[in-house]
Amino acid sequence: MGAIGDIFTLVLLDPMINFLIILNNVLFDSYGLAIIAFTIIVRIVTFPLTMRQLNQTRAMQTLQPQIQQLQKRFTDPKRRQQEIMKAYKEAGVNPLGCLGPMVLQFPVLIALFYAIRQTLAVSPEALSNLYGHVYDWHFLEASVPLSTNFLGMNMAESNLIMVVLVGGTTWIQTRTSQTVVTDDRARAQQQMMQWLLPVMFMFFTFSFPSGVALYWVITTIVSIAFNIITYGLPILGIKPMTSAPVAQSSSLTNNMDSSDEASTTSDRKPRQHSTEARKPRDAKNRSKRKNRRRRN
Amino acid sequence: MSFIAILVLSAACVGFASPKGWSPPQFEDGNAFVFLDEGRLSALAFDETDNSRARELWRFPNDDLYPLEDDIDLKAVYGPPVFLEDFIILAAYSGEIVAITRDGRYEPGSGSWKISVPGEIIGTAVVAGDRLIFATSEGRLYVRDVATGGGVDAWPVNGKELGASIWASPIVSDGVVITATMKGTVQAFNLETGIAVWDAPFKKDSAIAVLALINENVLFVPGLGGIIDFIDVQSGQSIGQSFETEGWVWSAPLVKDGILYFGDFAGNLYALDITKGINVENQVWPPIFVGGKIKGKPVIIGQTLVLADEDATVHFIDIEKGIINYSFSLIDTADIFASVVEYEGFAWIVSENGELFRADPDMNDVKEVSILKRSD
């Protein structure tokens, strides 16, 4: 654990702290502007990972109706699992695919959070701790402690306005990341999270320096933007700007139709997929049938 | 994602470096005074035959027994208490300054007083004659009446605005109060009139967290950038010498027999011979690397310099040879930031949790003082 901590500090935390100090110097000695710029830069750098994760999540959600039907259709757990995995595979979705980018970007977000916390130097002890993280370059060392005043706030102390902003942005983020769910239990869970998360974050923000809260507000605003790009914003008529990687999901139908186990005529209900996506596969099946007839 | 974020945030809630204070132990009338958590002051009486044993006489504030002390929240104290004939004055991180009786009570009817100012007090309060001088992180220098805590002529009650946060303890010399800011300025004011004494403030490019007089004419001005300047007290001008250290210097130096001893955050102890004036080339011996960050001022007992680093290791250094004779690691002890103090031939060290240690340079031994706590 010590070695992991050292690597985390050396590779992520220290460079971030020093970059934050440089940004502060460049941005008119404004630590608030430095936090805003820094958060946006880090989110842009991790943008491909974030989008990959969001697209995977979206694709998973799009597949949910088909997955539910498979769950109902197959009673044998082993076979059910096989069919679900097959469906995911044919749809080009990796159920763990959204975890990879998240796992990769999470250390970065943690480091970002800690970098801001360290550079705030909320107490003499904290400033003393900062010494070990600032590179031995005079122009960096001469910059600390950073001025913590921003828009009339002392960013080393908690601030009610930031508490409200954290709650508001987290609520919007939760709303924009929600998709249509058919399952009642999932819907109830989603509604609970919509309120629980903002309240919890507000609670934490009460005991946080407002500089950390500012980071959270900015990173949440960026997340909202990413969510809108991925999921759209139906309430304002904004459509998703990216397409979910589920074009092959239509193969599910054939997959299910061809499975003879536990399959009944009554089960064969119309699937939710686009006709455009279905065409190539149907053509392929027709061709297969034609070949079979020729052989016979 | 959000759940993981909550976990991190909740973990971080606990991890913020909250102020604990680094006031050194004080000795007065045969008793020791040590700050515990949240800036509570503990008075200890030593065992008559063994000063590695003590019992607690009183603790301040103690709202369990004294309701008047209920609303006193010092948070942390960074400078030693100021002992006056009838009172002890504490200047705290919470911005509160309290004058308590010598038996550790806040009794307004008996002359105790309490004031509160915006910002945090990180340095020490200083008493000069009938005036009390202190400064705050809000960048204000206050001069108040020591008997009441009230305002005095020529000084604004709300303090003199100096434009940047003040962490260093003010210095008073020959009726002049000198203070430094975290923006790297040093300014001097006449204590009676409040008028600036120097033509212009001294300015350096890094924060000044500590300021010290090394003789009647020269100020020691270290910066967090690792450059120490020496300035003339009369004019506020550099004397043309500056000393570069490997790490930050955040402690006052020890001056003994014309030698200046100070440590830095890189773990180096320096010794500069100033018997023939300030010349940064005159190092007595090459810097001694002790391993841990040096925040506190050392002490010399006989021919041994005793120093505690942040990692709670006590070093006994031969000042003639410039070598470490012995290092003693205090296991399971909190960080040590406070200066080491000499009392009755021993070096006394306090950790940030208020654990008190007695170091014996003759025996190369360090012992934790066993304290019989009050039951309340």
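The values are calculated or read from the model by the stated rules, or taken from the named source; none is laboratory data. All of these numbers come straight from a predicted model, not from anything done at the bench. Here the Cβ positions follow ideal geometry from the backbone for every residue, glycine too, while neighbour counts run over all protein chains shown.
Numbers at a glance
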{"read-out": "Filter result for the condition that a residue is more than 14 Å from chain B (Cβ to nearest Cβ), in a helix (DSSP H, G or I), under 25 Å from B:Ser137 (Cα atoms) and among the aliphatic types (A, V, I, L, M), over A:Ile44, A:Ile35", "value": "A:Ile35"}
{"read-out": "Region A:99-128, residues that are of a type in the set (S, T, N, Q) and modelled with pLDDT under 75", "value": "A:Gln105"}
{"read-out": "Single match in B:Ala196, B:Ala200, B:Ala207, B:Ala168 (criterion: farther than 26 Å from A:Ser143 by Cα and either within 12 Å of chain A (Cβ to nearest Cβ) or not β-branched (Val, Ile, Thr) (or both))", "value": "B:Ala196"}
{"read-out": "Subset tally (residues that are aliphatic (A, V, I, L, M), at pLDDT 85 or above, under 30 Å from B:Glu120 (Cα atoms) and more than 19 Å from the chain's Cα centre (by Cα)) for region A:154-200", "value": "7"}
{"read-out": "Among the residues listed as B:Arg40, B:Arg59, the single one being touching a Ser or Thr at 6+ places or on another chain (Cβ under 6 Å) and either assigned by TED's automatic domain parsing to the domain that holds B:Asn353 or surrounded by fewer than 23 Cβ atoms within 10 Å (Cβ to Cβ) (or both)", "value": "B:Arg59"}
{"read-out": "Members of region B:213-228 found to be in contact with a Lys or Arg (Cβ under 9 Å, 6 or more places away or on another chain) and either outside the structural domain of B:Gly163 (by TED's automatic domain parsing) or surrounded by 21 or more Cβ atoms within 10 Å (Cβ to Cβ) (or both), listed by number", "value": "B:Val221, B:Gly223, B:Gly225"}
{"read-out": "Among the residues listed as B:Ile97, B:Ile115, the single one being out of contact with any Leu (no Cβ under 9 Å at 6 or more places or on another chain) and outside the structural domain of B:Glu352 (by TED's automatic domain parsing)", "value": "B:Ile115"}
{"read-out": "Residue within region B:173-186 that is on the phi > 0 side of the Ramachandran plot and away from every other protein chain (no Cβ under 12 Å) present", "value": "yes"}
{"read-out": "Identity of the residue in region B:229-243, in a loop (DSSP other than H, G, I, E, B) and surrounded by fewer than 18 Cβ atoms within 10 Å (Cβ to Cβ), that ends up nearest to the other protein chains (Cβ to nearest Cβ)", "value": "B:Gln237"}
{"read-out": "Qualifying positions in region B:215-226 - at pLDDT below 95 and either farther than 13 Å from B:Ala168 by Cα or of a type in the set (D, E, K, R) (or both)", "value": "B:Asn215, B:Glu216, B:Asn217, B:Gly225, B:Gly226"}
{"read-out": "Yes/no for B:Phe134 being buried (at least 21 other Cβ atoms within 10 Å of the Cβ), farther than 22 Å from B:Met182 by Cβ, among the aromatic types (Phe, Trp, Tyr) and not assigned by TED's automatic domain parsing to the domain that holds B:Leu356", "value": "no"}
{"read-out": "Residue match in region B:21-37 (condition: in a loop (DSSP other than H, G, I, E, B), of a type in the set (D, E, K, R), surrounded by 15 or more Cβ atoms within 10 Å (Cβ to Cβ) and modelled with pLDDT under 95)", "value": "no"}
{"read-out": "Qualifying positions in region B:129-138 - under 22 Å from B:Ala209 (Cβ atoms) and among the small types (Gly, Ala, Ser)", "value": "B:Ala135, B:Ser137"}
{"read-out": "Number of positions in region A:200-226 that are over 13 Å from A:Asn159 (Cβ atoms) and of a type in the set (S, T, N, Q)", "value": "3"}
{"read-out": "Test for B:Tyr106: is it more than 14 Å from chain A (Cβ to nearest Cβ), assigned to a loop (DSSP other than H, G, I, E, B) and in contact with a Pro (Cβ under 8 Å, 6 or more places away or on another chain)", "value": "yes"}
{"read-out": "Of residues in region B:258-284 being among the β-branched types (Val, Ile, Thr) and under 22 Å from B:Val314 (Cα atoms), the one surrounded by the most Cβ atoms within 10 Å (Cβ to Cβ)", "value": "B:Ile259"}
{"read-out": "Any hit, region B:139-151, residues being in a loop (DSSP other than H, G, I, E, B) and within 14 Å of another protein chain (Cβ to nearest Cβ)", "value": "yes"}
